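The next block holds one structure in the form of structure tokens; read it before the comments.
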Amino acid sequence: MLKKIKNKFRNFLSDSDYRQIDWQLIIAIMLVTLFGLVMISSVGVAIGLQKHNDLYWYFKHQLISGVLPGLLGFLFFSFFDYQRLKKYAPA
């Protein structure tokens, strides 16, 4: 069963219509996101301790409400065929 799934996934990835992965763009997005998380954690430590009695409250909040949904959206749209949206475009 697992071998069938692996073969189907491998065939999907080797399909001629499949686009190549733009690793430079993915790495750039990951670096900017990581930089933002570092900035939030460094700035929010004092405020988080004063307001919420938790040093990393803002970091955890951004991670849960920003990065995780963004990652799920990224995975969804990386395999979504945008050509299917042409029938909904008026122009």
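The values are calculated or read from the model by the stated rules, or taken from the named source; none is laboratory data. Since we're looking at a predicted model, the values are computed, not measured. When we count neighbours, we look across all protein chains shown, and the Cβ atoms used for this are built from the backbone with ideal geometry, even at glycine. The area values use the complete protein model at the heavy-atom level, side chains included, leaving out ligands, DNA and RNA. Shrake-Rupley method; radii C 1.70, N 1.55, O 1.52, S 1.80 Å.
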VAL67 fails exactly one of (1) open to solvent by less than 80 Å² (accessible area, probe 1.4 Å); (2) at pLDDT 90 or above, namely (2)
Sole miss for TYR82 among (1) farther than 26 Å from GLN20 by Cβ; (2) open to solvent by 100 Å² or more (accessible area, probe 1.4 Å) is condition (1)
Per the filter on the range 1-31, residues open to solvent by 100 Å² or more (accessible area, probe 1.4 Å) and modelled with pLDDT of 70 or more are MET1, LEU2, LYS3, LYS4, GLN20, TRP23, GLN24, MET30, LEU31
Inside the range 34-64, the number of residues satisfying the requirement of being of a type in the set (A, V, I, L, M), farther than 30 Å from ILE21 by Cβ and open to solvent by 50 Å² or more (accessible area, probe 1.4 Å) is 5
